[in-house]
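Each remark here refers to the structure printed beneath this line.
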Amino acid sequence: MRLFARCAVCAAICTAVLLAGCGPAAPWRQESFVFGTRVELLIAGVPEAQARAAGNRVLAEFDRLHRTYHAWQPSELSALNAAIAAGQYHDVSPELAAFIRETQAIAAASDYLFDPGIGRLIALWGFQTDEIVPHLPDDSAVKTLLMQRPSIADLHVDGQRVTSRNTAVALDFGGYLKGVALDRAAVILRQAGIHDALINIGGNVMALGTKNGTPWRVGIQHPRPAQVGGGVLASLELRDGEAIGTSGDYHRYFEVGGRRYCHLLDPRTGRPADGTQAVTVLIAPDAAAGMRSDALSKPLFIAGKDWLRQAQKLGVATALKVGADGSVSATPAMRARLKMEAPGPTSEPTAAHANPQ
C-alpha cells in the first residue's frame, strides 16, 4: 500500500484556513513547501508589506538550507558524502563544519540514538526519495551495512577539512535542519522589526511574541486520528521564543503486510524504531530552541520505553510520548501546559503533532 509522506500536514493546512477567517486582526499568513513538508508563516502586528518582505527573506533562507544540505540531490552535503565514500578528505563551508560539530555533540549526548551519519541506512530503507515506495530492503544488506557501524562520530573536522575513518558514513540532516531553519527564521524576523510571529515547518513550531496580544496556541493531534475521531485533542500556549517539535511514525512511512515501517531508524538495529507512535518536546527559549526541538525528539522516540531516561539525560523537561500501543505518558511539566480539547482514548492528555491555532 502506497502512503504519502506528507499526509500529516493536512491538519496544519485546515487550521491555517480557520485563522484566515478570524477577522481584520488575523495575522498575515504565507505558505510554501520546503524540506519536503508544508511551511506556514504567521506574522502579526506589522503592515502587510513589512510582513511580506520579511516572510520572503525567511522562505529564501529555508530554500537555501534545503538545497545546500539535500541528502540525495546534488548539494554541498551530497558532495561531502561522495568524498567520504571514496575515502577522500573534503573541504566544506564554515556553516557545514559547524553543523557537523553541533550534531556530533548531540549524537554523543543521546548515546547515538540521534545519529545523522546513518544516511546509507536511510537510503537502503527507501526514505531518501520524494515518493516512498513500500519495499523492504534485503536483510543481508542491512546487516552488512550495520556491521560497518556508520556514525557521525567517525568524522574528523579540522577547520573546514572533513575526513572519515569509515567510508560507510553518509550524512543526512533530515532530523536536524528544520529546527535550524526555525532559529534562522527567528533571527531574520527580529532583524526586520517583527516580534510577533509563528513559524511552522511541518509541525516543528516556534513562537515569537503574541498573536495581537494573546498567546499563540498550538493544537496537538493524535498520531492515529482515525482511532479517536480526528481533530485536535490537546492544545497549549507557546511563550515568546519557545519551540515545539514532534517525531512521529506517521510523517514518512510505508506499510508491508499490515506492518508500519517509519523513517526513524534505530542506529543500533538498522531498522525503523517500532516502540513509539510519537514524541512531542517543548523547548524553552534560547538561541538554538528550534534546533533542539527538532533533534532532541528523535532519541526520545527511538529510546522507546527508556524515553524518560533519555529526556532527563538531554535536559528535556517538557515532553509527551504516545507508545506503540497508543498509551500516553507525559512529564509533569508537559501535563501542566496541556489543555484537553476533546476526549482521548486514555485518561491522560494524548498528543503527537503540533499545528498552529
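Of all the numbered requirements in (1) closer than 27 Å to M147 by Cα; (2) touching a helix residue (DSSP H, G or I) at 6+ places or on another chain (Cβ under 8 Å); (3) not small (G, A, S), L236 misses one, and that requirement is (1). Looking across A234, A192, A207, one residue alone is at pLDDT 95 or above, more than 30 Å from N81 (Cβ to Cβ), aliphatic (A, V, I, L, M) and surrounded by 23 or more Cβ atoms within 10 Å (Cβ to Cβ). It is A207. Please specify each residue of region 156-165 satisfying the condition of being in contact (Cβ under 8 Å) with a residue 60 or more places away in the chain and assigned to a strand (DSSP E or B). Once the filter is applied, which keeps residues that are in contact (Cβ under 8 Å) with a residue 60 or more places away in the chain and assigned to a strand (DSSP E or B), region 156-165 yields V157, R161, V162, T163, S164. F127 satisfies every condition listed in (1) part of a loop (DSSP other than H, G, I, E, B); (2) surrounded by fewer than 21 Cβ atoms within 10 Å (Cβ to Cβ) except (2). In this structure, S93 does satisfy being open to solvent by less than 40 Å² (accessible area, probe 1.4 Å), in the same structural domain as L121 (by the TED database) and of a type outside the set (A, V, I, L, M).
Within region 27-41, the residues that satisfy the criterion of being touching a residue at least 24 places away in the same chain (Cβ under 8 Å) and closer than 20 Å to V180 by Cβ are Q30, S32, V34, F35, G36, T37, R38, V39, E40, L41. For region 68-89, indicate whether the set of residues that are closer than 21 Å to A186 by Cβ, crowded, with 20+ Cβ neighbours inside 10 Å, touching a residue at least 60 places away in the same chain (Cβ under 8 Å) and not β-branched (V, I, T) is non-empty. Yes. Against the conditions (1) in a strand (DSSP E or B); (2) open to solvent by 50 Å² or more (accessible area, probe 1.4 Å), R184 satisfies every one except (1).
For region 194-208, the criterion of being over 30 Å from P94 (Cα atoms) and touching a Ser or Thr at 6+ places or on another chain (Cβ under 8 Å) is met by at least one residue. Of the residues A168, A141, A243, the single one that is modelled with pLDDT of 95 or more, surrounded by fewer than 24 Cβ atoms within 10 Å (Cβ to Cβ) and under 30 Å from S93 (Cβ atoms) is A168.
Residue-wise test of (1) of a type in the set (G, A, S); (2) at pLDDT 95 or above.
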| site | (1), (2) |
| --- | --- |
| R2 | no, no |
| V39 | no, yes |
| L59 | no, yes |
| F62 | no, yes |
| R67 | no, yes |
| R101 | no, yes |
| A109 | yes, yes |
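Does G326 satisfy the criteria of being in a loop (DSSP other than H, G, I, E, B), among the small types (G, A, S) and open to solvent by less than 30 Å² (accessible area, probe 1.4 Å)? In short, yes. Every condition in (1) at pLDDT 95 or above; (2) over 30 Å from T167 (Cα atoms); (3) over 22 Å from the mean Cα position of the chain (by Cα) holds for G21 except the one numbered (1). Given the criteria surrounded by fewer than 24 Cβ atoms within 10 Å (Cβ to Cβ) and of a type in the set (A, V, I, L, M), does V256 qualify? Against the criterion (surrounded by fewer than 24 Cβ atoms within 10 Å (Cβ to Cβ) and of a type in the set (A, V, I, L, M)), V256 qualifies. Is there any pair with a first residue in region 298-313 that is more than 15 Å from I283 (Cβ to Cβ) and a second that is in a helix (DSSP H, G or I) whose Cβ atoms are under 6 Å apart and which are 6 or more apart or on different chains, and what are they? From residues that are more than 15 Å from I283 (Cβ to Cβ), the pairs are A303/Q310; W307/L300. Cβ-Cβ contacts under 8 Å between residues 6 or more apart (or on different chains), taken from a first residue in region 126-151 that is small (G, A, S) to a second residue that is open to solvent by less than 80 Å² (accessible area, probe 1.4 Å) and assigned to a helix (DSSP H, G or I), are listed as A141/L124; S151/A107.
The values are calculated or read from the model by the stated rules, or taken from the named source; none is laboratory data. Bear in mind that the values here come from a model prediction, so they are computed numbers and not experimental data. No Cβ is skipped: glycine too gets one built from the backbone with ideal geometry, and neighbour counts run over all protein chains shown. Ligands, DNA and RNA are stripped out before the accessible areas are found, and what is left, the full protein with its side chains, is counted by its heavy atoms. Shrake-Rupley method; radii C 1.70, N 1.55, O 1.52, S 1.80 Å.
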